[in-house]
Amino acid sequence: MLYFDNKIKKGNMGQVKEIMNQLAALGSEQTLKTFRNHGGQEPMYGVKIGDMKPILKKHKNNHQLALELYKTGNSDAMYLAGLMTKPSLLTPEVLDEWIEGASWHMISEYTVAWNAAESNYGFEMARKWIESDKELVADAGWSTLGCLMALTPDENIDEKEIDRLLDRVEREIHVAPNRVRYVMNGFVIAVGSYYKPLADKAMTVGIGIGKVKVNLGDTACKVPYAPDFIKKVWDMGRLGTKRKEVRC
């Protein structure tokens, strides 16, 4: 079954249908089950990320097609769209549309956050989203902040702002919504791993908040203990080593 938004442009409908049919053929019940156990929401076909790569190779950087694929509302297509975009072309309006359309954390926490961080509006979107009462919106905001720590040169980061955000995490993490707790913890890890000026403070905050409890569904996944993760990065001599991109 195909799912289409009535805003998809007619000129792109043929390509969208072709890709949706390809994704449908690649889906499996086992992957669907895995996604559901992680909180995945229909519609979705259950396509492994690696199996999307041939489609991505053919259409990478086809920004308009990516936007149309996201509009289908199908999780697999939305994830693929997030890998296909040119983030520099994304606008705040589109990013807001994307987070409003996200049905579960794989889209909000990865697809939307990755693209927001690699766009020209990362900090702007993150600041707005973390104030939202909607779990997936706040989830995307904190995840975007973590990605920005990995991407942004230290000199382009507002140290006072990140200092305040670490304090906020320490105060609020244990009463925050479920997935927000997970990405707040990830933000502490990101600061401790990528942002030298406040790495020591991130370690201190990580120790202070301790182990963070998050309902990860019917999975074997665990919430990383921030101090251990940060220490591993330090021990490898990779503190402050930035990334060129976060999408994967």
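The values are calculated or read from the model by the stated rules, or taken from the named source; none is laboratory data. In this text the structure is predicted, and so the values were computed from the model without any measurement. A quick note on method: Cβ atoms are made from the backbone with ideal geometry, for glycine too, and the neighbour counts reach across all protein chains shown. Ligands, DNA and RNA are stripped out before the accessible areas are found, and what is left, the full protein with its side chains, is counted by its heavy atoms. Shrake-Rupley method; radii C 1.70, N 1.55, O 1.52, S 1.80 Å.
Data table
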{"read-out": "Added length on full extension, which subtracts the Cα-Cα distance from 0.36 nm per residue, Asn21 to Gln64", "value": "13.6 nm"}
{"read-out": "In degrees, nearest ten, helix 226-235 long axis to first principal axis of the chain (Cα)", "value": "80"}
{"read-out": "Where the stretch 43-94 is the region considered: accessible area per residue in Å², 1.4 Å probe", "value": "37"}
{"read-out": "Value of relative contact order over the stretch 118-248, rounded to a whole percent, pairs C-alpha under 8 Å and six or more apart", "value": "26"}
{"read-out": "Theoretical gain in end-to-end length, Lys244 to Lys211 [0.36 nm per residue, Cα-Cα removed]", "value": "8.9 nm"}
{"read-out": "Length-normalised contact order of the stretch 107-161 in % [C-alpha pairs under 8 Å, at least 6 apart]", "value": "39"}
{"read-out": "12 Å Cα-Cα reach of Lys134 towards aspartates and glutamates, excluding residues that sit fewer than 8 places from it in its own chain", "value": "Glu100"}
{"read-out": "Value of [θ]222 nm, deg cm²/dmol, for the chain, DSSP H segments ≥ 4, -39500 (n - 2.57) each, nearest 500", "value": "-18500 deg cm²/dmol"}
{"read-out": "Peptides 200-206, 229-235 ordered by average Cβ neighbours within 10 Å, highest first", "value": "200-206, 229-235"}
{"read-out": "Cα principal axis extents for the chain, largest first, Å", "value": "53, 38, 36"}
{"read-out": "Summed residue charge, Cβ within 13 Å of Ala102's Cβ, Lys/Arg positive, Asp/Glu negative", "value": "-3"}
{"read-out": "Under 19 Å from the Cα of Lys33 - lysines, other chains or at least 8 residues apart", "value": "Lys48, Lys222"}
{"read-out": "Gain upon complete extension [Lys134, Ser28; 0.36 nm per residue less C-alpha separation]", "value": "35.1 nm"}
{"read-out": "Highest to lowest packing among 34-44, 215-225, scored as the average C-beta count within 10 Å", "value": "34-44, 215-225"}
{"read-out": "Within-12-Å neighbourhood charge of Gly40 [Cβ basis; K, R +1; D, E -1]", "value": "-1"}
{"read-out": "Modelled FRET efficiency - R0 25 Å, Lys231 with Asp158, Cβ distances, 0.05 increments", "value": "0.45"}
{"read-out": "Length-normalised contact order of the stretch 146-212 in % [C-alpha pairs under 8 Å, at least 6 apart]", "value": "40"}
{"read-out": "Tilt relative to the chain, helix 92-101 - C-alpha long axis, 0 to 90 degrees, to 10", "value": "80"}
{"read-out": "Protein accessible area in the chain, 1.4 Å probe - carbon and sulfur %", "value": "51"}
{"read-out": "Karplus (6.51, -1.76, 1.60) ³J(HN,Hα), θ = phi - 60°, over the stretch 205-219, in Hz, Gly and Pro reported as x", "value": "5, x, 5, x, 7, x, 6, 9, 8, 9, 6, 9, x, 7, 9"}
{"read-out": "In nm, spacing of pseudo-spin labels at Lys48 and Asp218 (7 Å Cα→C-beta vector)", "value": "2.1"}
